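Asks: To start, I am sharing the structure in question, which I have written as structure tokens.
The values are calculated or read from the model by the stated rules, or taken from the named source; none is laboratory data. Everything numeric in this text was worked out from a predicted model, so none of it was measured. Note that each Cβ is placed from the backbone with ideal geometry, even for glycine, and that neighbours are counted across all protein chains shown. Remember, those area values only see protein heavy atoms, side chains included, never the ligands or the DNA or RNA. Shrake-Rupley method; radii C 1.70, N 1.55, O 1.52, S 1.80 Å.
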Amino acid sequence: QVQLVESGGGLVQSGGSLRLSCAASGFTFRTYAMSWYRQGPGKGRELVARISSAGSAGSITNYADFVKGRFTISRDNAKNMVYLQMNSLKPEDTAVYYCNADLTRWGPEYNYWGQGTQVTVSS
């Protein structure tokens, strides 16, 4: 079965950095896009960054405007891992961060989430 396990969250001061990791299993990782979402206190879940499966020109990345230039998503298909490097963190980045695997080409129920990892940025 599909499993996504996030790690790397924690408490950091404003301006600091964290690197989140997501270990994926149970599906052909390299053929699917992967994403990071977050849900802040009292807010809905929002897309942070997405990385496509590897094409002939490599993977394509997309970012929410509020993290552009600060966060970098990457993947290691040999290790079935996806990462989120977060730099210049702000208090408003405080949220639970979730790894997502969108396998909904097979049906709407095939959208998978990890358990989430808490990121807290102090001012």
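Asks: Would you please give the residues with an amide H less than 5 Å from that of SER88, counting only those at least 5 places away or on a separate chain, with H modeled from the backbone geometry?
Replies: Here the answer is none, since no amide H 5 or more places off falls under 5 Å of that of SER88.
Asks: For LYS43, list the lysines whose Cα falls under 21 Å from its own Cα; do not include residues on the same chain fewer than 8 positions away.
Replies: Qualifying lysines at Cα under 21 Å: LYS68, LYS90.
Asks: List every residue whose amide H lies under 5 Å from the amide H of VAL2, counting only residues 5 or more places away in sequence or on a different chain, with H placed 1.01 Å from N in the peptide plane.
Replies: none
Asks: Follow-up question, since we're still on this one. What is the percent carbon and sulfur in the accessible area of the range 1-114, measuring with a 1.4 Å probe over the protein chains and ignoring ligands?
Replies: In the range 1-114, the share of accessible area belonging to carbon and sulfur is 47 percent.
Asks: Once phi is turned into ³J(HN,Hα) by the Karplus curve 6.51 cos²θ - 1.76 cosθ + 1.60 with θ = phi - 60°, what whole-Hz value does each residue of the range 7-16 show in order, with x for glycine and proline?
Replies: Going residue by residue, I get 7, x, x, x, 9, 9, 7, 3, x, x Hz, with x marking Gly and Pro.
Asks: Another question, if that's okay. Which value, in Å², gives the accessible area per residue of the chain when a 1.4 Å probe is used on the protein heavy atoms?
Replies: Ligands and nucleic acids excluded, the result is 52 Å² per residue.
Asks: A further question follows. Does the chain classify as rounded, prolate or oblate by the C-alpha gyration tensor (a ≥ b ≥ c root eigenvalues; a/c under 1.5 gives rounded; else a/b over b/c gives prolate, otherwise oblate)?
Replies: prolate
Asks: Can you work out the Karplus-derived ³J(HN,Hα) for every residue in the range 90-106? Use 6.51 cos²θ - 1.76 cosθ + 1.60 with θ = phi - 60°, whole Hz, and x for glycine or proline.
Replies: Values per residue, Gly and Pro as x: 10, x, 6, 7, 4, 5, 8, 9, 10, 8, 10, 10, 9, 9, 6, 4, 9 Hz.
Asks: Please give the peptides 62-72, 87-97 ranked by average Cβ packing (other Cβ atoms within 10 Å per residue), highest first, as a rough proxy for protection.
Replies: 87-97, 62-72
Asks: Moving on. From the phi angles alone, apply the Karplus equation (6.51, -1.76, 1.60; θ = phi - 60°) to the range 21-28 and give each ³J(HN,Hα) in whole Hz, x where the residue is Gly or Pro.
Replies: For the range 21-28, the Karplus-derived couplings read 10, 9, 9, 10, 8, x, 7, 7 Hz, x marking Gly and Pro.
Asks: Assuming 0.36 nm per residue, please report the length gained on full extension of the stretch GLN85 to TYR110 beyond their Cα-Cα distance.
Replies: Working it through step by step, the gained length comes to 6.4 nm.
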